[in-house]
Amino acid sequence: MRTHLLNAAAASFLAAATTMAQAAVFVGVASDRDGQSLPNVVMALKPAGSQPPATAPTQITVTQEALSFKPYISVIRAGSSVVFANRDTVEHHIKSFSSSKPFEIAVHKPGDTPPPIRFDKEGAIVAYCILHDWMRAYVYVADTPWTAISGDNGLARIENVAPGDYELTAWHPDLGQFKPPLTSKITVGASGTTQTTVKFDFKPRPIRKAPRTAEGKVAMTAHHH
């Protein structure tokens with residue numbers, strides 16, 4: 001479904017001081033077409049006409065617990081790595097057909113920690129479990145240090161942003177791995193907080209969760225090979 005940014009080009013400056021000189025705070029406000037706060041929106045700022053500052057690669061861990069991935073969505077800098085660790089009580093088999101980084105982690109047992117996977121290209125990575133088809137993890141790779149994910153209140157806060165002109169990209173899991181993120185041009189002032197509103201014209205799909213028993217417990221399914 002087609003999406004668009006509304007009023008993203010108009011940045012309003014709020015009366016809030018920053019703790020660092022010559023740095024500002026960017027706050028993106030994400031909502032759906034009904035005006036409801038939209039969580040899980042990745043926002044990234046890339047300097048217009050110049051390269052973002054270099055940062056050292058990092059490594060994060062995405063665990064499999066109670067038949068779900070935690071966290072559900074992550075954002076990393078290009079060149080960083082992800083460890084998909086099995087902290088569940090059953091086996092898992094992870095697969096990703098993402099064009100920027102296809103990979104597969106064959107069946108691994110509870111307690112296993114497979115080697116990290118490095119992501120060098122920008123884009124959305126969707127990983128799922130072949131054995132439990134509702135399990136999804138999203139990793140968004142951005143070539144900039146200025147990123148954030150909106151919370152339940154729809155706010156994505158990025159601190160220590162250098163003043164200047166930026167391209168804002170916004171991506172939600174409902175866009176999947178093939179639809180490009182939304183983009184807009186914004187200006188970050190030398191001080192204070194720049195707030196930009198990002199509005200989607202669709203209702204996000206509910207996040208699929210692990211099936212539960214009548215008692216409300218997660219239905220743990222073991223797979224034997």
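We did not get these values from a lab; they are worked out from the coordinates using the rules stated. On a predicted model such as this, the values are computed, not experimentally measured, just so you know. No Cβ is skipped: glycine too gets one built from the backbone with ideal geometry, and neighbour counts run over all protein chains shown.
At a Förster distance of 41 Å, what's the computed FRET efficiency of residue 187 paired with residue 208, Cβ-Cβ distance as r, to 0.05?
Details: r = 39 Å, r/R0 = 0.95.
Efficiency for this residue pair is about 0.55.
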Treating cross-link reach as a plain straight distance, find the aspartates and glutamates whose alpha-carbon is under 16 Å from the alpha-carbon of residue 209, omitting any fewer than eight places away in the same chain. 65, 88, 133, 174
Among 46/185; 70/95; 46/203, which pairs are too far apart, with a Cα-Cα distance over 18 Å? 46/203
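What is the packing order of peptides 149-161, 96-108, taking the mean over residues of other C-beta atoms within 10 Å and listing the highest first?
Details: 149-161: 17.8, 96-108: 15.3.
Top of the packing list down: 149-161, 96-108.
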In nm², what is the average projected area of the convex hull enclosing the Cα atoms of region 73-178? 7.9 nm²
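Mind giving me the FRET efficiency for residue 34 and residue 162? R0 is 30 Å, r the Cβ-Cβ distance, nearest 0.05 is fine. All intermediate terms of the calculation are to be shown ahead of the outcome.
Working: r = 35 Å, r/R0 = 1.17.
Plugging the Cβ-Cβ distance into 1/(1 + (r/R0)^6) gives 0.30.
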Calculate the spin-label point distance for residue 90 paired with residue 51, positioning each point 7 Å from the Cα along the beta-carbon direction, and give it in nanometres. 4.7 nm
Shape box of region 146-189 [Cα atoms, principal axes, largest first, Å]: 32, 22, 13
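Go through 77-83, 45-51 and give me the packing order, highest mean Cβ count within 10 Å leading. Can you show the working numbers first?
Values: 77-83: 18.3, 45-51: 14.0.
Ranked from most to least packed, the peptides come out as 77-83, 45-51.
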